[in-house]
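Undergrad: Below: one structure in structure tokens.
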Amino acid sequence: MMRRTSLFLFGVAAGALVAVAAVQPRAFLGTTAEAASSDFYQKLNLFGEVFERVRADYVEKPDDGKLIEAAINGMLSSLDPHSSYMDVKNHRDMQVQTRGEFGGLGIEVIMEDGLVKVISPMEGTPAARAGIMAGDLIVKLDNDQVQGLTLNEAVDKMRGAVGTPITLTIARKGIDKPIELKVVRDTIKIQTVRSRVEQDDIAYIRINSFTNEQTYEELKKAIEDLTAKIGADKVRGYVIDLRNNPGGLLDQAVDVSSAFLNRGEVVTTRGRNPDETQRYNARRSDLTKGKPVIVLVNGGSASASEIVAGALQDHKRATVLGSRSFGKASVQTIIPLGPNGVNGALRLTTARYYTPSGRSIQAKGIEPDIVLVQDMPDELKIKLGANIDSTRGEASLKGHLKNGDDEQTGSPAYVPPDPKDDTQLKLAVELMKGTVKNAAYPATPNKTSQAN
């Protein structure tokens with residue numbers, strides 16, 4: 001059975017229980033196991049009884065398949081915000097998406113309190129052009145209420161034939177009345193990497209997401225193109241923009257991190273059992289030849305983008321600048337159900353991930369080395385009807401995996417459309433140029449990163 005480990009922005013007491021049970025007499029263990037087994041089958045019988053009662057007595061004849069899918073989704077949604085069931089169509093759509101092209105609006109979404117929450121609109125897509133923002137809650141699709149739909153059902157309604165319109169009714173923080181936005185569906189070709197030259201000798205590279213299997217190759221090409229334009233001996237440094245990057249594939253996060261490291265650990269994943277721990281090391285070579293690197297993050301930087309920021313920060317290979325990231329440090333495994341996925345697939349949270357220093361940023365996020373909150377101009381606030389606190393982070397999601405008492409609620413996720421108004425990017429450029437000084441810049445590799 002093929003499994004794909006992915007990171008998308010969409011029972012801890014067991015160890016103690018085993019430790020106690022291990023010192024008890026064998027008879028006690030057997031009795032406990034039998035009682036637990038009996039209770040388990042009683043619950044299964046209860047489910048069967050309820051299912052049959054609904055089939056027999058509901059006011060209208062229900063669809064058996066939909067009942068089962070709803071029960072599965074209910075079970076998974078009770079675990080955490082990122083576990084879900086994908087039917088055959090959605091599973092195939094996801095496979096198409098990872099290849100870099102799919103049909104739709106171009107937004108990363110998650111279900112929150114029965115509504116669809118926008119994590120981030122993808123740059124250059126119909127959703128971004130229509131003015132959809134991170135933090136928006138979609139309450140209606142055309143005239144249909146989102147309340148009562150599963151996330152997969154809502155996503156399915158947003159997809160359709162290229163060129164057909166859909167009206168989204170959204171609730172936006174700071175606005176009393178719902179906002180209606182008409183969006184025309186289009187083929188979404190995910191160009192995950194965009195680049196340009198800043199002030200003659202600084203290479204600026206924006207990575208929009210890690211959902212495309214070609215993200216590393218696109219990054220490699222961008223570095224090669226910028227080096228050719230500027231000149232290898234004239235490149236002052238690299239600004240890697242991960243703001244509003246909602247995440248994607250684990251292997252792409254590892255490869256992108258490896259593009260700036262010669263050696264050392266990138267990330268470790270730990271499942272429920274000790275033998276499920278996996279360590280991912282840098283497996284490429286530093287494509288930038290040791291040039292200075294600044295990584296930009298904000299409240300919309302989640303999951304795979306946090307792996308990259310955390311790895312480069314821990315190795316002191318890059319200075320992280322911006323505001324606190326989203327704080328999603330869990331791994332979802334895509335598990336096809338049935339031969340070749342004929343029954344769809346399970347997206348199941350199977351592990352937590354840890355940065356090279358061993359820290360978990362789950363529900364806490366990456367704290368930048370240089371904190372600078374991007375300010376939204378007053379006229380833009382009035383025009384868009386939003387404020388900069390639209391992203392609350394993983395810690396605000398119902399049912400999120402807990403991580404101690406010092407959880408953080410995220411930070412703003414605003415990036416100005418005009419680079420001239422981008423204070424975070426401006427500071428990054430000024431730091432590299434040496435026109436301003438900060439104790440956190442430049443980052444220098446520590447001994448640990450070189451020895452691993």
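The values are calculated or read from the model by the stated rules, or taken from the named source; none is laboratory data. All of these numbers come straight from a predicted model, not from anything done at the bench. Methodologically, a virtual Cβ is constructed for each residue, glycine included, from the backbone with ideal geometry; neighbour enumeration extends over all protein chains shown.
Undergrad: Which condition number in (1) part of a strand (DSSP E or B); (2) closer than 28 Å to Ala71 by Cα is the one that Ser120 fails?
TA: For Ser120, the exception is condition (2).
Rundown of residues vs (1) under 18 Å from the mean Cα position of the chain (by Cα); (2) in the same structural domain as Thr150 (by TED's automatic domain parsing); (3) surrounded by fewer than 18 Cβ atoms within 10 Å (Cβ to Cβ), yes/no style:
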{"site": "Phe40", "(1), (2), (3)": "no, no, yes"}
{"site": "Val50", "(1), (2), (3)": "no, no, yes"}
{"site": "Lys61", "(1), (2), (3)": "no, no, yes"}
{"site": "Val88", "(1), (2), (3)": "no, no, yes"}
{"site": "Gln95", "(1), (2), (3)": "yes, no, yes"}
{"site": "Asp113", "(1), (2), (3)": "no, yes, yes"}
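Undergrad: Ok, one more. Mind checking which residues of the range 395-445 are acidic (Asp, Glu) and under 17 Å from Gly322 (Cβ atoms)?
TA: Asp421, Asp422, Glu430
Undergrad: While we're on this one: List every residue pair whose Cβ atoms sit under 9 Å apart, with the two residues 6 or more apart in sequence or on different chains, where the first one lies in the range 348-360 and is farther than 10 Å from Arg270 by Cβ and the second, anywhere, is of a type in the set (S, T, N, Q) and part of a loop (DSSP other than H, G, I, E, B).
TA: The qualifying pairs are Leu348/Ser83; Thr349/Ser83; Pro356/Asn452.
Yes/no matrix, rows are residues, columns are (1) closer than 20 Å to Lys433 by Cβ; (2) crowded, with 24+ Cβ neighbours inside 10 Å; (3) among the hydrophobic types (A, V, I, L, M, F, W, C):
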residue: Glu217; (1), (2), (3): no, no, no
residue: Asp225; (1), (2), (3): no, no, no
residue: Asp241; (1), (2), (3): yes, yes, no
residue: Asn244; (1), (2), (3): no, yes, no
residue: Leu250; (1), (2), (3): no, yes, yes
residue: Gly271; (1), (2), (3): no, no, no
residue: Asp286; (1), (2), (3): no, no, no
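Undergrad: Would you check if Val155 is farther than 29 Å from Asp255 by Cβ, among the β-branched types (Val, Ile, Thr), modelled with pLDDT under 95 and not assigned by TED's automatic domain parsing to the domain that holds Ala222?
TA: For Val155, the condition - farther than 29 Å from Asp255 by Cβ, among the β-branched types (Val, Ile, Thr), modelled with pLDDT under 95 and not assigned by TED's automatic domain parsing to the domain that holds Ala222 - is not met.
Undergrad: Of Lys177, Lys173, Lys229, which residue is in the same structural domain as Ile366 (by TED's automatic domain parsing) and either in contact with a Pro (Cβ under 6 Å, 6 or more places away or on another chain) or not aliphatic (A, V, I, L, M) (or both)?
TA: After ruling out the rest, the residue left standing is Lys229.
Undergrad: Let me ask you something else. What about Leu401, is it surrounded by 18 or more Cβ atoms within 10 Å (Cβ to Cβ), assigned to a loop (DSSP other than H, G, I, E, B), at pLDDT 85 or above and of a type in the set (A, V, I, L, M)?
TA: So Leu401 fits the description; yes.
Undergrad: Just need a number here: residues in the range 412-450 that are modelled with pLDDT under 90 and more than 30 Å from Asn281 (Cβ to Cβ).
TA: Number of matching residues: 10.
Undergrad: So, in the range 182-210, of the ones that are part of a strand (DSSP E or B) and of a type in the set (Lys, Arg), which residue ends up farthest from Pro121 (Cα to Cα)?
TA: Checking each candidate, the answer is Arg196.
Undergrad: Please state which one of Ile307, Ile334, Ile366 is of a type in the set (A, V, I, L, M), farther than 24 Å from Ala259 by Cβ, surrounded by 18 or more Cβ atoms within 10 Å (Cβ to Cβ) and in the same structural domain as Thr277 (by TED's automatic domain parsing).
TA: Criteria check complete, one pass: Ile334.
Undergrad: Name every residue in the range 50-72 that is touching a helix residue (DSSP H, G or I) at 6+ places or on another chain (Cβ under 7 Å), of a type in the set (A, V, I, L, M) and within 19 Å of Thr150 (Cα to Cα), in order of residue number.
TA: Result: Leu67, single match.
Undergrad: Would you check if Lys316 is on the phi > 0 side of the Ramachandran plot, out of contact with any Lys or Arg (no Cβ under 6 Å at 6 or more places or on another chain), surrounded by fewer than 21 Cβ atoms within 10 Å (Cβ to Cβ) and among the basic types (Lys, Arg)?
TA: Considered against the rule, which asks whether it is on the phi > 0 side of the Ramachandran plot, out of contact with any Lys or Arg (no Cβ under 6 Å at 6 or more places or on another chain), surrounded by fewer than 21 Cβ atoms within 10 Å (Cβ to Cβ) and among the basic types (Lys, Arg), Lys316 comes out as yes.
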